[in-house]
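Heads up, the thing below is written out as structure tokens.
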2 protein chains.
Amino acid sequence: MLGLMQDQPLLISSLIEFAEKHHGDGEIVSRRVEGDIHRTDWATVAKRSRQVARALDAWSLAHGDRVATLAWNGYRHLELYFGVSGSGRVLHTINPRLIPEQIAWIANHAEDQVLCFDMTFLPIIEKIHAQCHTVRHWVALCEAEALPKDAGIPNLVSYEAWMGSQPQTYDWPVFDENSASSLCYTSGTTGNPKGALYSHRSTILHAYASALPDVMAISARDSILPVVPMFHVNAWGIPYSAALTGAKLVFPGGQLDGQSVYELIEAEGVTFAAGVPTVWQMLLTHMLPKGLKFSTLQRTVIGGSACPPAMIDAFRDDYGVDVLHAWGMTELSPLGTLCTLKNKHLKLPAEQQMKIRLKQGRAIYGIDMKIVNDQGQPQPHDGQTYGDLLVRGPWVIREYFKGEGGSPLQDGWFPTGDVATIDADGFMQITDRTKDVIKSGGEWISSIDVENIAMAHPSVAMAACIGVFHPKWDERPVLVVVKKPDAAVSRDELLAFYEGKIAKWQVPDDVIFVDAIPLGATGKMQKNRLREQLHDYKLPA
Amino acid sequence: MLGLMQDQPLLISSLIEFAEKHHGDGEIVSRRVEGDIHRTDWATVAKRSRQVARALDAWSLAHGDRVATLAWNGYRHLELYFGVSGSGRVLHTINPRLIPEQIAWIANHAEDQVLCFDMTFLPIIEKIHAQCHTVRHWVALCEAEALPKDAGIPNLVSYEAWMGSQPQTYDWPVFDENSASSLCYTSGTTGNPKGALYSHRSTILHAYASALPDVMAISARDSILPVVPMFHVNAWGIPYSAALTGAKLVFPGGQLDGQSVYELIEAEGVTFAAGVPTVWQMLLTHMLPKGLKFSTLQRTVIGGSACPPAMIDAFRDDYGVDVLHAWGMTELSPLGTLCTLKNKHLKLPAEQQMKIRLKQGRAIYGIDMKIVNDQGQPQPHDGQTYGDLLVRGPWVIREYFKGEGGSPLQDGWFPTGDVATIDADGFMQITDRTKDVIKSGGEWISSIDVENIAMAHPSVAMAACIGVFHPKWDERPVLVVVKKPDAAVSRDELLAFYEGKIAKWQVPDDVIFVDAIPLGATGKMQKNRLREQLHDYKLPA
């Protein structure tokens, strides 16, 4: 027997309609590529999203056709989020930090019909447009006057001229909630990138879940700074959950340096910010010498890679900001867990709370997870036993776009490629990536544990731990370190720093000082490139 | 083109699985009918829910068969919530405050196969069991020893003997998320009650939405006291949203007097409580003379009927508790709006904030609403113009069980029977029920406005305003008042109390003092019965 409730599909268009109707004057503030601060509101974004939808109709784009963006976080990008997906097309956000050849490869693989880009990225488009065989229209996200006259890009239009001439009324189409809404490629460290094709249903469910009090806790009283880019996993879904709640959005554009981010937080009364650790490191580095404080910031969600404990301490003790650890993946829309304490933890001493805060957190309802051993057997949730982390849920992919790589699922579960523990309270902790864990004499050493200790040393700016071949132990850990400017620390001092913090056999065999550690397009350390660079390195005898 | 996300139906069984796995030791505390305090946890509730499912299998109940409850808020009722719906049957919660004949009528209309009841309600069952033609099994929610030997009820079993003998393992079935999950009859003031048949999908979406920061803001750190009964619209969905977040639940059983509720709040560290105004009035009446305060309570959600401003003031100023106004209906699962302030309201002076707090609140994402005039034309959202309130959304009914009353929808919108305004910020305010509004000389007088003013008078315990026939003005308002114990106030004093608070023509023509105002099964004033009682009343000349 079926229930007798109204049959309404979960569609992204209903988010922008809701925001317009109930939060029309809710602010959207953007630092533009032009350098100025632009102010608009949800009602205007809604109107302009409808203009985008009409402009795509005028180009006869079909339901499901891909419209790509190569853009920073900003109001025009937000309008595309709703105008493209809301009208039934698929928003394909491309990461501009990829090398141009990869961008062209992705645009061809996705069969993008339209590509919208910030003027910052004109040089990339000039380089690749001839290789993008499916793109029929190029849209520069600028005023008509700013359009380059002689860029040599065929069918190039300015965004404002293109959509600005359309009427502001539009009836959003109603269709199957399982229709594709957006496409994001993983920044695969090996092989070609693979696309995660989200649906309207998965996006709405993720938006509900990610706004919950135990997740990002988003309300109409928030002013949100998504430093995490809209070109990567939809800025953790914040554009959607902000529309769902009517929150204020503050977009940093391309200026992610400490000073620019700090100024925006203070000027726009930001209460909540989300980003990867490297961005927060730049922010703290800017604030510390000037003695700056936050006047409105209450909490940050940090994800993308494990967050050094020293940074969590600094945010809380020196700045009064609650740092919440998150974990997710492109294949998870992206949120899987968030680290908010339970009631029984609130009375624990600070250092015991910190042990919990360092974990990636508890599963959000909608995400089911388990850890398994090499034979696929579930491992106990005791906080000690580690295993490969598998997840499933309505916002987890079942396969990649065009079936690339075959079916990734194992008995309906998606293998994350992470090694983790889960404790009795459900808190998951990543101990390593399956490919980064260091196997020494039959035991596993977590490269992340080794790095976190190094990051707590006052002279260390960045640290990576990698396994190096050893004739007896198979692999031994080696620490690669970037020192802070003007800091002086020796190999032996660093190795001594591990005493009492980790078992002796887990202490690295050596320290290598470098000027920089290669970072990927999403700010993560690229250990495979580091291993290549250290190909000829030999362990000390 | 469809997205490539995992296809997982939204099922109620996944809530209890989630709570068990991630919040197994989360507490469930119940004041039992037996009088004692019973303690259990989510893991145990999950195990026993599976036993309930198996016990229903053993009785060969089919998918969609109705299992009725006549029970207070407590852990066994919670186990039935998950065991019945999770296994694909329909949980039919019956309101025990209805008269026995109506209960029998509803059980027959729903074609209940099983009826589970608290021992409090044994007298009702003894009276009606012979009239309930479809009920094959009667389950007394008690230990085997407590089962009455000679009640004369065929096939009567104790809950503990019935489900306690079943294994604790069970694989929850997977089925269409649009399957019926639970059934609740409206306490229709006219005609027979009509059933709202919820689905798994509508229940899960409502659970996500109602836990949001701008709605009930439910987290794993909460200890929740649902005073609002589980036999009426699923206690506003709190059992589901508590499982979704792992919150602690505190059940008051049948003891809703001020002292019992107060003791439970203090003993169990309750942070959030939900109920109708009459319950909170009893609580404050208990606390005031003793000078009692709350040590953990942070917020209450008040709904079911309009909340007197004096009560909101008392909670905030005297007890430090934030009172949130809510509005909903059986046909809405039940939540439609909640009154949480926006960022721009936070700096307003207290009295201006109060004007907003008195409204029923903003639509929750998922609920769309509009106000229309007699011709069905949408009215402006200016906070002044009133109209009939219509709603739509995935947790709004499209028709009643068995199609009773025909299709209630108007062009896809559900007419709520409320008259309301909506302001530019989306805050909705009920000005009256369509049938209670007093039409005087072509103008409408809100009976609720008139009552709220009376409730602010220190001598008034309860007040109802009804329209009485008038030869010239069609109708004129008359105030019916229950005085507080030992309070003395005259007709003329009360009428003078309206001066400057309301337009002169809106002031009631008379005051009638009574010992009690009839209340319905959900605690609402029954104005139709009041009108009957005052049938022979004549307005003063």
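Count the net charge of all other residues whose Cβ sits under 11 Å from the Cβ of B:MET216, scoring Lys and Arg as +1 and Asp and Glu as -1.
Net of charged neighbours comes to -1.
Shortest first and in nm with one decimal, please list how far the A:ASP449 label point sits from its counterparts in the other copies (point 7 Å along Cα→Cβ).
Those label-point separations list as 6.9 nm.
What residues have an amide H closer than 5 Å to that of A:ALA68, excluding those fewer than 5 places away on the same chain, when H is modeled at 1.01 Å from N in the peptide plane?
Under 5 Å from the amide H of A:ALA68: A:HIS92, A:GLN113, A:VAL114, A:LEU115, A:CYS116.
Rounded to two decimal places and with Rh computed the Kirkwood way over Cα pairs, what is Rg over Rh for the protein assembly as shown?
Computed over Cα atoms, the ratio is 0.99.
Give me the dipole magnitude in Debye, nearest 20, for the range B:486-541 about the Cα centre, with unit charges on the beta carbon: positive for Lys and Arg, negative for Asp and Glu.
It comes to approximately 340 debye.
Of the beta bridges DSSP finds with both residues in chain A, what % are antiparallel, to the nearest 5?
55
Leaving out ligands and nucleic acids, note down the accessible area per residue over the protein assembly as shown with a 1.4 angstrom probe, in whole Å².
That works out to 36 Å² per residue.
Taking θ as phi - 60°, what are the ³J(HN,Hα) couplings along the range B:21-30 by the Karplus curve (6.51, -1.76, 1.60), each to the nearest whole Hz, with x for Gly and Pro?
With coefficients 6.51, -1.76 and 1.60, one gets 6, 10, 9, x, 8, x, 7, 10, 10, 10 Hz.
Could you pull the Cα extents of the range B:436-541 along its three principal axes, largest to smallest, in whole Å?
Computed over the Cα atoms, the extents are 38, 33, 24 Å.
Each label point is 7 Å from the Cα along the Cα-to-Cβ direction; what then is the distance between the points at B:LEU534 and B:LYS293, in nm?
4.1
Where the only charges are on Cβ atoms (+1 Lys, Arg; -1 Asp, Glu), what is the dipole of the protein assembly as shown about its Cα centre, to the nearest 20 debye?
So the magnitude is around 240 debye.
Within the set A:LYS293/B:LYS342; B:LYS194/B:LYS370; B:LYS21/B:LYS359; B:LYS127/B:LYS524; A:LYS248/A:LYS359; B:LYS194/B:LYS472, which residue pairs have Cα atoms separated by over 32 Å?
Violating the 32 Å Cα-Cα cut-off are B:LYS21/B:LYS359; B:LYS194/B:LYS472.
Gain in length, A:ALA310 to A:THR169, computed as 0.36 nm per residue apart minus the alpha-carbon separation, to one decimal in nm?
Going from the current span to full extension adds 45.6 nm.
Show the residues, 5+ positions off or on another chain, whose built amide H is closer than 5 Å to the amide H of A:ASP418.
HN-HN under 5 Å from A:ASP418: A:LEU389, A:THR434.
Can you work out ³J(HN,Hα) from phi for every residue in the range B:355-371, in order, using Karplus 6.51 cos²θ - 1.76 cosθ + 1.60 and θ = phi - 60°, giving whole Hz and x for Gly and Pro?
With the stated coefficients, the range B:355-371 comes to 4, 6, 4, 6, 6, 6, x, 8, 4, 7, 4, x, 9, 10, 9, 8, 10 Hz.
For A:LEU324, what charge total do you get from the other residues with a beta carbon under 12 Å from its beta carbon, if Lys and Arg give +1 and Asp and Glu give -1?
Value of the local net charge: +3.
So if I restrict to the alpha-carbon atoms in the range A:243-337, what is the Rg, and what is Dmax, the biggest pairwise distance, in Å?
Expressed in Å, the Cα Rg and Dmax of the range A:243-337 come to 13.3, 40.
Set the Förster distance to 22 Å, then compute FRET efficiency between B:THR120 and B:ASP257 from the Cβ-Cβ distance, nearest 0.05.
0.90
Just checking the output field for B:389-397: average partner chain Cβ neighbours within 10 Å of each residue's Cβ?
Mean partner shielding for this stretch: 3.
Using θ = phi - 60° and the Karplus curve 6.51 cos²θ - 1.76 cosθ + 1.60, what whole-Hz ³J(HN,Hα) does each residue of the range A:448-465 get, with Gly and Pro shown as x?
5, 4, 5, 5, 4, 5, 4, 5, 7, 6, x, 9, 9, 8, 8, 9, 10, 10
Label position 7 Å from Cα toward Cβ: report the copy-to-copy distances for A:GLU111 in nm, one decimal, ordered from shortest.
So the label point of A:GLU111 gives 4.8 nm to the other copies.
Loop-only GluC sites (Glu not before Pro) in the range A:487-541, please: DSSP not H, G, I, E or B, and at most 16 other Cβ atoms within 10 Å.
Here the sparse-neighbourhood loop sites are A:GLU499.
Report, in deg cm²/dmol and to the nearest 500, the calculated mean residue ellipticity at 222 nm for chain A, where each DSSP H run with n ≥ 4 adds -39500 (n - 2.57) and the sum is divided by the residue count.
-7500 deg cm²/dmol
Which distances, shortest first and in nm, link A:GLN259 to the matching position in the other copies, using label points set 7 Å out along Cα to C-beta?
When each copy's label point is compared with this one, the spacings are 6.9 nm.
Once you list every other residue whose beta carbon is under 12 Å from the beta carbon of A:ARG201, what net charge do they have if Lys and Arg are +1 and Asp and Glu are -1?
-3
So if R0 is 60 Å, what FRET efficiency would A:ASN192 and B:MET354 give, r being the distance between their Cβ atoms, rounded to the nearest 0.05?
0.50
Just want to confirm a number: the relative contact order over chain A, from Cα pairs under 8 angstrom separated by 6+ residues, in percent.
Relative contact order here is 10 percent.
If one takes the accessible area of chain B alone plus chain A alone and subtracts that of the pair, with a 1.4 Å probe, what total in Å², rounded to the nearest 100, results?
Summing both sides, the interface buries roughly 6300 Å².
Dipole of the range B:400-541, Cα-centred, from +1 at each Lys and Arg C-beta and -1 at each Asp and Glu C-beta, to the nearest 20 debye?
Dipole about the Cα centre, nearest 20: 340 debye.
When averaged across all projection directions, what area in nm² does the alpha-carbon convex hull of chain B cover?
27.2
When only C-alpha pairs under 8 Å and at least 6 residues apart count, what is the relative contact order of the range A:317-386, in percent?
Relative CO of the range A:317-386 lands at 25 percent.
What angle do you read, to the nearest 10 degrees and between 0 and 90, between the alpha-carbon axis of helix A:75-86 and the longest principal axis of chain A?
70
Looking down the axis that turns B into A, which residue of B has the closest beta carbon, and how many Å out?
Here the value is B:TYR208, 2.
How big is the convex hull of the Cα atoms of the range B:1-53, per residue, in Å³?
So the per-residue hull volume is 107 Å³.
Within the range B:341-429, which trypsin sites (Lys or Arg not before Pro) sit in a loop by DSSP and count at most 12 neighbouring Cβ atoms inside 10 Å?
B:LYS347
Just the Cα atoms of the range A:72-111: what Rg and Dmax do they give in Å?
Reported Rg and Dmax, both Å: 11.6, 31.
Of all DSSP beta bridges located in the protein assembly as shown, what percent are antiparallel, nearest 5?
Roughly 60 percent of the beta bridges in the protein assembly as shown run antiparallel, per DSSP.
Mind checking B:14-27 for the average number of partner chain beta-carbons within 10 Å of each residue's beta-carbon?
So the per-residue partner count for this stretch is 4.
Equivalent-ellipsoid semi-axes (√(5λ), Cα gyration tensor) for the range B:1-93, whole Å, largest first?
Equivalent ellipsoid of the range B:1-93: 26, 19, 11 Å, largest first.
Set the Förster radius R0 to 51 Å, insert the Cβ-Cβ distance between B:LYS501 and B:LEU409 as r into 1/(1 + (r/R0)^6), and round the FRET efficiency to 0.05.
Once the sixth-power term is evaluated, E becomes 0.85.
Take peptide B:205-213, look around each residue's Cβ out to 10 angstrom, count Cβ atoms belonging to other protein chains, and average those counts.
Average per residue, whole number: 6.
Got a number for carbon plus sulfur as a percent of the range B:392-541's accessible area, 1.4 Å probe?
Roughly 50 percent, rounded to a whole number.
List every residue whose amide H lies under 5 Å from the amide H of A:ALA461, counting only residues 5 or more places away in sequence or on a different chain, with H placed 1.01 Å from N in the peptide plane.
Here A:VAL482, A:LYS483, A:LYS484 satisfy the definition.
Compute the distance in nm between two label points, each set 7 Å from the Cα along the Cα-to-Cβ direction, one at A:LYS402 and one at A:ASP176.
Placing both labels 7 Å along Cα→Cβ, they lie 2.2 nm apart.
The values are calculated or read from the model by the stated rules, or taken from the named source; none is laboratory data. Because the structure is a prediction, the values reported are computed rather than measured. Because the Cβ atoms are built from the backbone with ideal geometry, glycine has one as well, and the counts that use them run over all protein chains shown. Accessible surface areas use protein heavy atoms only, side chains included; no ligands, DNA or RNA. Shrake-Rupley method; radii C 1.70, N 1.55, O 1.52, S 1.80 Å.
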